[in-house]
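Asks: Handing you this structure, nothing more for now.
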Amino acid sequence: MTEGERFNDEPVRLHLAHWLVLGASLVLTCLAWYFSRQQLEERLNARFEQYATQVVSLLTERMEKYEGSLWAGVGMLQTLAPQRPITRQDWITFSDAINLPQRYPGISGIGLIEDIDTADLDAYKRRMQREYPELDEFTVYPVTNRDRHSIISFLEPLASNREAIGLDTAFEVNRRTASERASETGTAQMTGPVTLVQDSTQTPGFLFYAPYSVPDAAGEGASRQGKVYAAFVVSDLMRGALGSENRRVSVSARDGATYLYEETSQNTPNFDANPLYTRETSIPMYGRTWTFDIRSNLDFREGADRNGPTLVLVGGLLVDLMLLGIFLLLVNSNSRAHRFASQMTVSLQKSQAQLQRRNDELIQFNYRVSHDLVAPLRTIQGLTDCIRSDIADNDLSEVNASLDRIETMVAQEVSTISSIFALCEADLRPQDNEPVALAALVKKTFARAQHKLHDDTVRLRLDCPDDFTFYAPPGRLEQILFNLLTNAIQFRRPDEPEPEVCVAASRDAHLATLVVRDNGIGIPESTRSRIFDLFFRAHSTGTGGAGLGTYIVRRNIENMNGSVEVHSDERGTLFVLRWPQHNAEVAAA
């Protein structure tokens with residue numbers, strides 16, 4: 001068999017290098033898919049936790065708001081009761097003042113419960129009959145053999161709550177227990193699940209009590225006790241507090257084993273029978289404990305585009321197939337070159353040697369191409385995060401936000417380059433001491449810092465005479481002031497009503513002292529020793545610079561043969577700079 005025939009019979013085979021490249025590409029593809037899927041799941045879980053926490057927070061905040069309305073009623077009673085008995089018109093005026101339907105959606109009514117002894121029951125009925133002349137007879141119900149009664153005297157809006165007027169709330173254990181607990185503790189308390197007498201749907205509800213004890217205008221030293229209360233149907237409360245539009249989770253709530261509210265497939269259009277995420281949490285609710293079952297719904301599933309990792313995997317596999325095709329093409333070309341060379345006659349030995357050299361060059365080219373093809377894979381790996389984010393969010397606002405971040409980063413880089421130029425200038429350009437009018441320089445530099453940061457809320461205070469002068473290199477001193485004043489403005493305390501930075505100075509025959517003090521957020525004690533290090537930032541707030549400002553301050557003051565020290569606590573930061581005054585210059589002054 002000739003050499004040419006032997007090559008003709010050989011199958012096309014890939015070299016080890018080809019298999020290594022393909023294997024590495026496949027591993028990278030799988031890793032990209034795995035991490036993209038993992039990050040997507042983490043992001044979706046964090047989003048669900050945010051929605052779930054928001055649901056609970058909305059309800060607790062709404063109940064705190066309702067509690068405030070009850071204590072407002074108590075305050076009204078404490079104001080009027082010492083002067084005269086509370087009337088139905090007083091309660092109507094109070095209800096209109098708090099604007100119940102608009103400010104407190106979900107509440108069925110706000111009312112007044114009076115604690116009445118059995119001995120005073122007849123007098124109470126006569127008083128209530130005068131308040132309700134439209135009734136043939138004011139009735140207290142149900143009839144009980146208790147010595148003390150807790151009766152609903154007033155309740156607004158009356159039209160939807162008329163059935164509750166005259167109800168003795170002590171007749172039922174949940175109402176009575178919460179009422180007694182409110183009186184004993186002096187705090188707002190919530191009943192267990194009850195059915196409101198005025199609720200035609202007979203769905204779960206509860207009462208919310210705030211106790212009062214006020215002087216009785218009719219009796220010396222006597223007091224009147226009772227509760228300002230709000231009545232709730234839980235389904236109305238949930239709709240008022242949470243709403244339903246654009247909510248990505250379904251909510252069920254129960255008190256103990258009793259379900260108060262359920263969003264199920266029967267009554268919720270976007271209920272997900274197989275939710276992606278679920279969470280159960282219990283919170284104390286004014287003497288009760290409510291347990292919330294929170295589940296992601298179909299809106300959440302629709303917004304959670306989970307195809308990103310699959311696209312990454314498919315894209316990577318397509319690249320692997322392309323690599324395999326290219327390698328086969330290269331190897332097949334190499335094989336054909338060998339077959340062509342094997343067919344040469346002995347008389348073409350020289351040409352065969354040349355062909356062998358070309359074949360060797362082709363192999364080298366093959367390896368080079370194999371190596372270079374890894375680069376696009378690395379690029380794909382770098383773009384994976386962008387693809388995941390864009391596909392997962394499916395929202396142009398996220399793209400705009402990314403552009404804003406890019407713009408911010410570019411601005412930060414420009415600032416960093418400017419700071420590096422300033423640093424080079426501080427090291428390379430010699431400057432001599434000259435007389436410097438401090439007040440004018442500080443005002444000019446402070447205005448420049450405010451313009452750079454677009455912030456005019458910080459006040460400048462100069463604690464030195466307007467004509468104060470000392471000796472310093474003007475350029476270096478301006479760089480020092482600009483960086484310290486910029487930091488004072490940038491790291492002001494957000495809750496400080498009067499943010500300010502104070503600049504003071506003094507000198508003697510040998511030494512000048514410059515003090516810059518602010519009432520900002522201060523420097524953490526753990527990072528204070530490194531505040532003058534190159535590229536060190538004490539605050540990782542996302543609003544800082546490149547960590548060059550205080551380093552530039554230190555380099556400039558050292559080039560002036562001076563020193564700088566910093567003191568900081570929760571009240572602000574103090575920089576003290578000292579540098580020598582030349583005797584001849586001081587004498588001339």
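Asks: How big is the dipole moment of the stretch 87-142 about its Cα centre under a simple scheme where the beta carbon of each Lys and Arg is +1, that of each Asp and Glu is -1, and everything else is neutral? Debye, nearest 20, please.
Replies: Charge dipole, the stretch 87-142, about its Cα centre: 220 debye, nearest 20.
Asks: For Leu16 and Leu511, compute 0.36 nm times the residue count separating them, minus their Cα-Cα distance, and round to one decimal in nm.
Replies: Length gained, Leu16 through Leu511: 170.7 nm.
Asks: For Ala440 and Asp147 in one chain, what is 0.36 nm times their gap in residues minus the Cα-Cα distance, to one decimal in nm?
Replies: Computed gain between Ala440 and Asp147 is 97.1 nm.
Asks: Something else about it: Given a Förster distance of 30 Å, report the FRET efficiency between Thr278 and Thr195 from their Cβ-Cβ distance, rounded to the nearest 0.05.
Replies: According to the calculation, E is roughly 0.55.
Asks: Could I have the simple spin-label model distance between Leu329 and Asn267, label points 7 Å from Cα toward Cβ, reported in nm to one decimal?
Replies: 6.5 nm
Asks: Specify, per residue and in Å³, the volume enclosed by the convex hull of the alpha carbon atoms belonging to the stretch 143-279.
Replies: That works out to 161 Å³ per residue.
Asks: Could I ask something else about it? Carbon-plus-sulfur fraction of the accessible area of the stretch 258-333, 1.4 Å probe, in percent?
Replies: 56 percent
Asks: Right, here's the next one. Once you place label points 7 Å from the Cα toward the Cβ at Lys452 and Gln349, how far apart are they in nm?
Replies: 7.9 nm
Asks: Let me ask another. Taking Lys452 as the anchor, which lysines have their alpha carbon closer than 28 Å to its alpha carbon, excluding any fewer than eight residues away along the same chain?
Replies: Cα-Cα hits under 28 Å: Lys443, Lys444.
Asks: Another question, if that's okay. Computing the accessible area with a 1.4 Å probe over protein heavy atoms, can you report the carbon and sulfur percentage for the stretch 71-132?
Replies: 51 percent
Asks: Summing Lys, Arg as +1 and Asp, Glu as -1, what charge do residues with Cβ under 11 Å from the Cβ of Glu565 carry, Glu565 excluded?
Replies: +3
Asks: What accessible area per residue comes out for the stretch 136-249, rounded to a whole number of Å², with a 1.4 Å probe?
Replies: Computed with neighbouring chains in place, this is 44 Å² per residue.
Asks: Heavy atoms only, 1.4 Å probe, whole protein assembly: order Val173, Val553 by accessible area, highest first.
Replies: Listed by decreasing accessible area, they come as Val173, Val553.
Asks: Here's something else I'd like to know. What FRET efficiency, computed as 1/(1 + (r/R0)^6) with R0 = 35 Å and r the Cβ-Cβ distance, is obtained for Asp117 and Ser160, rounded to the nearest 0.05?
Replies: 0.70
Asks: Counting heavy atoms of the protein chains only and a 1.4 Å probe, report the per residue accessible area for the stretch 430-476 as a whole number of Å².
Replies: 57 Å²
Asks: Shifting gears a bit: Once the Cβ-Cβ distance between Gln225 and Glu565 is put in as r, and R0 is 56 Å, what FRET efficiency do you end up with, to the nearest 0.05?
Replies: The computed FRET efficiency comes out at 0.30.
Asks: Suppose each label sits 7 Å from its Cα in the direction of the beta carbon; what would the Lys125-Glu302 distance come out to in nanometres?
Replies: Going by the 7 Å Cα→Cβ label model, 5.9 nm.
Asks: How big is the accessible area of Thr87 in square angstrom, nearest 10, if you roll a 1.4 angstrom probe over the protein chains?
Replies: 40 Å²
The values are calculated or read from the model by the stated rules, or taken from the named source; none is laboratory data. Quick caveat: nothing in here was measured; it's all calculated off a predicted structure. Methodologically, a virtual Cβ is constructed for each residue, glycine included, from the backbone with ideal geometry; neighbour enumeration extends over all protein chains shown. We work out accessible area using only protein heavy atoms, side chains counted, and drop any ligands, DNA or RNA first. Shrake-Rupley method; radii C 1.70, N 1.55, O 1.52, S 1.80 Å.
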